[in-house]
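The block underneath contains the structure these notes are about, expressed in structure tokens.
The values are calculated or read from the model by the stated rules, or taken from the named source; none is laboratory data. Just so you know, these numbers come straight off a predicted model, no measurement behind them. So basically every Cβ, Gly included, is an ideal-geometry build from the backbone, and we count neighbours across all protein chains shown.
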Amino acid sequence: MRSRRIAPVLAASAVAALVPALTPATASAAENPLQQYLKQRPAWHRCSSKTPASYQCATIKVPLDYSRPGGKKIDLAISRIKTTTPAERRGVLLLNPGGPGGQGLDMPLSLVTELPKSVTKKYDLIGFDPRGVGHSSPLSCGLTAEEENWQRPYKAATFAKDVKWARTVAEKCDAKQGDKLRHITTRNTARDMDAIRAVLGEKKVSYLGYSYGTYLGAVYTQMFPQRTDRFVLDSAIDPARIWRGMIQVWAEGSEPAFTRWSKWTAQRNTTYKLGNTPDKVRRTFWDLVAQADWKPIEFHGTLMSGDDIRAGRAMFFSVREAAETIVELKKAADGRAPAFTPDTGTPKRPAPPAFGRAVPSDNASASFWTVLCADTRAWPRDPEQYRRDAVRDKAKYPLYGDFASNIKPCAFWKKNGSEPATKIDNKVGVLTLQNEWDPQTPLSSGLGLHRVLKGSKMVTVAGGVGHGIYGSKSCADKTATAYLTTGKLPAKDVTCQAPAPERERSSAGKLPLPAPPGIPGMPGRS
């Protein structure tokens with residue numbers, strides 16, 4: 001049933017969350033400084049001549065600084081595909097693909113054919129580019145391609161160069177964006193979500209968020225519990241580890257995946273010939289790394305160093321894909337690789353809507369660092385702390401530990417967020433989904449979010465591989481669909497078993513999510 005359009009005034013508790021300086025007990029409609037934003041009526045239009053007429057876009061205004069609603073305004077690009085069965089409509093389902101820095105404007109178009117019809121009948125699918133991203137007043141720091149490359153392994157000889165890189169990124173962002181940086185935060189994006197809800201005339205909002213989108217959704221439940229309807233948080237961020245810890249968890253989670261891969265591959269030595277014991281398989285891999293460090297290997301048109309190979313740690317979460325890739329890499333090292341043919345296939349994701357302006361080439365990187373650095377003040381400021389941690393973690397997590405713990409731009413970030421990070425601790429009922437072998441948000445991360453969302457229920461896909469579940473035809477889909485269509489959470493946490501082929505290959509690429517960093521020709525290449 002469609003919610004009645006509400007008066008353009010947020011409830012007292014929501015106003016308090018949006019504008020801390022406002023006294024909600026005495027605020028009237030005339031005094032509400034957010035009224036100018038909440039009374040907007042989006043001018044919906046066809047997103048592009050190349051996309052269906054049902055896929056509509058609009059731009060609304062939100063305050064850059066919610067504590068100063070009368071100050072600078074920024075654009076927020078939103079999109080929708082309305083349900084074709086209004087009689088069954090429950091409300092809106094906001095969508096976020098992850099990031100930070102992931103564009104979500106095309107999510108309705110991407111997911112309308114992937115989600116069950118029982119869900120698309122219930123909801124208008126709503127996409128949006130988060131503030132600073134894509135077509136929503138996009139950030140740019142003027143970064144070069146080399147400055148965007150943050151896959152930097154620790155080496156004593158290059159550490160000074162890495163420190164200079166991190167300082168340069170921070171200084172260029174500050175010079176180009178200034179005070180704007182401290183307002184590009186997850187808390188403010190959650191406020192933007194609530195502004196979208198109000199503009200659309202909804203009392204509550206439902207939500208499907210992947211990866212970083214799980215943290216964004218959790219922050220919304222904390223700030224606006226009374227506005228939270230049915231939330232599915234897929235492949236979760238651990239709020240206790242934002243944000244340096246979530247990069248470090250990639251290293252921690254890669255070692256068990258590498259061990260699992262070496263055992264699986266050894267059992268199939270007649271097929272892959274990489275070693276008939278796990279130790280021999282591991283030795284084959286590390287010999288390739290050493291060979292590439294001595295002389296880079298030409299692989300899929302790119303010269304690969306040993307560090308480049310280690311940077312592809314995400315491939316080991318999919319045992320079959322990793323085995324096939326290492327076989328190809330070994331052939332290339334031996335000079336037996338076939339000639340490389342560039343991939344000229346068309347991109348899977350639809351073309352972005354025409355908003356009359358181009359998105360800056362460094363927007364994804366600029367918005368990624370801005371959110372990571374502004375969300376929390378917990379980043380170490382001393383470069384030597386990063387050096388010590390990188391040395392320690394390279395020994396502890398050989399695949400990726402030094403990449404994860406090496407210096408990052410946040411060490412020199414000048415504009416910390418205007419607020420502390422949100423502490424997640426509530427009993428709002430939500431559903432979380434998690435693959436056992438997720439390369440970007442490992443199982444421990446999903447369990448971390450589940451613990452602090454005390455009203456949540458969790459579906460774990462045992463043997464599940466890949467980042468992003470709902471919409472990929474997983475065994476978790478049934479539970480998620482039942483929740484979105486009926487509102488009923490399972491009585492207790494659920495574990496379902498991935499089919500055998502899914503336990504070997506990644507589901508990456510089936511969903512419109514930002515690709516994890518990787519290396520050319522290997523799974524997970526961004």
* For residues in region 36-62 being of a type in the set (A, V, I, L, M) and more than 24 Å from the chain's Cα centre (by Cα), which is farthest from Ser79 (Cα to Cα)? -> Leu38
* Residue that is farthest from Val465 (Cα to Cα) [pool: residues in region 287-300 that are surrounded by 14 or more Cβ atoms within 10 Å (Cβ to Cβ) and out of contact with any helix residue (DSSP H, G or I) (no Cβ under 7 Å at 6 or more places or on another chain)] -> Pro296
* Asked: If you scan region 100-124, which residues turn out to be more than 19 Å from the chain's Cα centre (by Cα) and within 25 Å of Ile74 (Cα to Cα)?
  -> Asp124
* Residues in region 417-456 that are over 21 Å from Leu484 (Cβ atoms) and touching a Leu at 6+ places or on another chain (Cβ under 6 Å): how many? -> 1
* Read through the list (1) out of contact with any Asp or Glu (no Cβ under 9 Å at 6 or more places or on another chain); (2) in a helix (DSSP H, G or I), then give the number of the only condition that Asp402 fails. => (1)
* Asked: Picking from Asp229, Asp279, Asp308, which residue would you name as being acidic (Asp, Glu) and either within 18 Å of the chain's Cα centre (by Cα) or in the same structural domain as Leu447 (by TED's automatic domain parsing) (or both)?
  -> Asp229
* Say whether the condition of being of a type in the set (Gly, Ala, Ser), at positive phi, out of contact with any Lys or Arg (no Cβ under 7 Å at 6 or more places or on another chain) and buried (at least 23 other Cβ atoms within 10 Å of the Cβ) is met by at least one residue in region 127-139. => yes
* Considering region 282-298 alone, what residues qualify as being of a type in the set (A, V, I, L, M, F, W, C) and over 20 Å from Val319 (Cβ atoms)? -> Ala290, Ala292, Trp294, Ile297
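For every residue, the table says whether it meets (1) under 30 Å from Cys47 (Cβ atoms); (2) surrounded by 18 or more Cβ atoms within 10 Å (Cβ to Cβ); (3) modelled with pLDDT of 95 or more.
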| position | (1), (2), (3) |
| --- | --- |
| Arg282 | no, yes, yes |
| Thr302 | no, no, no |
| Ala322 | no, yes, yes |
| Asp334 | no, no, no |
| Pro338 | no, no, no |
| Ser365 | yes, yes, yes |
| Phe368 | yes, yes, yes |
| Cys373 | no, yes, yes |
* **Unique residue being out of contact with any Leu (no Cβ under 9 Å at 6 or more places or on another chain) and closer than 21 Å to Val459 by Cβ when the list is Thr221, Thr228, Thr214** => Thr228
* **Selected residue (only one of Gly301, Gly312 is touching a Phe, Trp or Tyr at 6+ places or on another chain (Cβ under 8 Å) and either touching a residue at least 60 places away in the same chain (Cβ under 8 Å) or of a type outside the set (A, V, I, L, M, F, W, C) (or both))** => Gly301
* To do: Identify the residue in region 424-448 that is in contact with a helix residue (DSSP H, G or I) (Cβ under 6 Å, 6 or more places away or on another chain) and aliphatic (A, V, I, L, M) and, among all such residues, is surrounded by the fewest Cβ atoms within 10 Å (Cβ to Cβ).
  => Val428
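Go through Ala257, Ala266, Ala236 for me and flag whichever is assigned by TED's automatic domain parsing to the domain that holds Lys488 and of a type in the set (A, V, I, L, M).
Ala236
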* How many of the residues making up region 73-99 are touching a residue at least 60 places away in the same chain (Cβ under 8 Å), touching a strand residue (DSSP E or B) at 6+ places or on another chain (Cβ under 9 Å) and surrounded by fewer than 21 Cβ atoms within 10 Å (Cβ to Cβ)? -> 3
* **Residues satisfying the stated conditions in region 430-450, i.e. within 14 Å of Ala462 (Cα to Cα) and either of a type in the set (A, V, I, L, M) or not in a strand (DSSP E or B) (or both)** => Leu433, Asp438, Pro442, Leu443, Ser444, Gly446, Leu447
* Does Leu64 satisfy the condition of being more than 23 Å from Gly101 (Cβ to Cβ), of a type outside the set (Phe, Trp, Tyr) and either touching a helix residue (DSSP H, G or I) at 6+ places or on another chain (Cβ under 7 Å) or at pLDDT below 95 (or both)? -> no
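Looking at Gly104, Gly99, Gly142, which is the one that is farther than 30 Å from Pro380 by Cα and assigned to a loop (DSSP other than H, G, I, E, B)?
Details: Gly99 fails: farther than 30 Å from Pro380 by Cα; Gly142 fails: farther than 30 Å from Pro380 by Cα.
Gly104 is the lone residue from the list that is farther than 30 Å from Pro380 by Cα and assigned to a loop (DSSP other than H, G, I, E, B).
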